[in-house]
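The values are calculated or read from the model by the stated rules, or taken from the named source; none is laboratory data. Because the structure is predicted, anything quoted here is derived from the model rather than measured. Cβ sites come from the backbone with ideal geometry, for glycine too, and all protein chains shown count toward neighbours. The accessibility values were calculated without ligands, DNA or RNA, using every heavy atom of the protein model including side chains. Shrake-Rupley method; radii C 1.70, N 1.55, O 1.52, S 1.80 Å.
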Amino acid sequence: EDKYFDKDCIFCKIIKGEIPSQFIKENEYCVVFKDLNPKAKVHLLVVPKPHVKNILETDEFIMNKVLETIKEVAKEQGLESFRIMNNCGAGAGQTVFHVHFHVLSGDNLEE
Ligand code: AMP
Ligand code: ZN
């Protein structure tokens with residue numbers, strides 16, 4: 001089971017409960033929690049459970065689960081307008097190398 005995790009990865013530690021965190025949502029494949037440094041009124045991170053470093057290393061199965069989880073959490077949280085963002089690679093601003101999708105909602109997302 002542990003081959004799915006990286007012992008030095010902060011998101012793996014959150015997923016395994018080694019770092020206390022409040023999940024907005026959890027299912028078999030993903031967890032959703034609030035970004036520590038919110039860039040919008042609502043700033044959630046949707047994180048697949050297996051340790052995969054970036055979007056280039058995902059597959060259709062996990063991306064389908066991510067999409068389902070985003071749709072469910074949007075419905076549950078009453079988000080009518082929102083933005084999905086992914087940073088792939090340090091040059092694009094990726095700082096946590098466990099793939100995750102930002103869901104941003106609130107005011108001033110028009111531009
Ligand atoms: P990225 O720059 O796309 O890799 O995004 C990483 C995000 O993870 C940043 O927006 C951070 O604020 C957020 N983050 C880092 N550590 C934590 C943590 N322990 N709990 C919640 N969010 C975190
Ligand atoms: Zn990880």
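Annotations
- Residues (outside any loop (DSSP other than H, G, I, E, B), of a type in the set (S, T, N, Q) and without any contact (Cβ under 8 Å) to a residue 24 or more places away in the chain) located in the stretch 48-97: N64
- Residue in the stretch 98-111 that is open to solvent by 80 Å² or more (accessible area, probe 1.4 Å), within 16 Å of ligand 1 (Cβ to nearest atom) and part of a loop (DSSP other than H, G, I, E, B) present: no
- Qualifying residue in the stretch 13-26 (condition: touching a helix residue (DSSP H, G or I) at 6+ places or on another chain (Cβ under 8 Å) and in contact (Cβ under 8 Å) with a residue 24 or more places away in the chain): yes
- Yes/no for I14 being open to solvent by less than 60 Å² (accessible area, probe 1.4 Å), outside any loop (DSSP other than H, G, I, E, B), away from ligand 1 (no atom under 11 Å from the Cβ) and on the phi < 0 side of the Ramachandran plot: no
- When the stretch 1-11 is limited to residues that are of a type outside the set (D, E, K, R) and at pLDDT 95 or above, the one that is most open to solvent (accessible area, probe 1.4 Å) turns out to be I10.
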